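Working notes, beginning with the structure itself.
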Amino acid sequence: MRKSSSDPGRRNCPMGGGNPWKWMGPWHKGSPSGRISAINAPGQPLVSLDYVQHLPPPRCNWIHYFPAPTLRVNFSEQKLVKKALESFFALGPTTSSRILAKYSISPMSKVGALPPKTVTALTAELSTMTIESDARKIIQQNVMRLKDMGSYRGRRHAMNLPVRGQRTRTQIESARKHNSANRRW
């Protein structure tokens, strides 16, 4: 499908041609964008929640065109802080509740209502945790270790069968889908 050139959000989209950084929108003027992005840049903490100055038009897929590698998590101002924290891989409801309690943040507060000092504190807290790609690597290494040892669980992973004693006569479609040793976590 060809993108319309009359739509400013699509005109300079990398998928539709043109310079991807030419159209910066109102965010280019130096004011905070109102969104918080999780960025993993070389020499920076693992996760930093910083205000992003250069956000693309909303209807364009720019995931691969950010200057720094991202964790692909953008939080709008209207999103609840608890849900924003839970969107990180390996960070569930219990851990997010503990983080909110530690920094005295209400579970119903929005990301846009957080002061910069609290955002910095959350950044420091998340940079000490094993989340996103690091957690995925650990899980994948554990599965490969089981497979290399030749344990029962490792063999079940290698054969794409249920690992924890579930029945195999019927209802193993999800196990075949998820229990691959070569799965990308």
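Some points to look at:
- Test: Val111 is surrounded by 16 or more Cβ atoms within 10 Å (Cβ to Cβ) and more than 21 Å from the chain's Cα centre (by Cα): no
- Residues being among the aliphatic types (A, V, I, L, M), over 20 Å from Thr95 (Cα atoms), surrounded by 13 or more Cβ atoms within 10 Å (Cβ to Cβ) and modelled with pLDDT of 90 or more are entirely absent from region 121-140.
- For region 160-177, residues that are out of contact with any helix residue (DSSP H, G or I) (no Cβ under 6 Å at 6 or more places or on another chain) and surrounded by 15 or more Cβ atoms within 10 Å (Cβ to Cβ) total 2.
- Any chance Ser106 is hydroxyl-bearing (Ser, Thr, Tyr), at pLDDT 90 or above, exposed (fewer than 14 other Cβ atoms within 10 Å of the Cβ) and under 30 Å from Ser174 (Cα atoms): no
- Some residue of region 137-152 being under 22 Å from the mean Cα position of the chain (by Cα), assigned to a loop (DSSP other than H, G, I, E, B) and in contact (Cβ under 8 Å) with a residue 40 or more places away in the chain: no
- Filtering Ala175, Ala124 for residues that are under 30 Å from Lys79 (Cβ atoms) and assigned to a helix (DSSP H, G or I) leaves a single hit, Ala124.
The values are calculated or read from the model by the stated rules, or taken from the named source; none is laboratory data. Since the model is a prediction, treat every value here as computed from it, not as a measurement. Please note: Cβ atoms are built from the backbone with ideal geometry, for glycine as well, and neighbour counts cover all protein chains shown.
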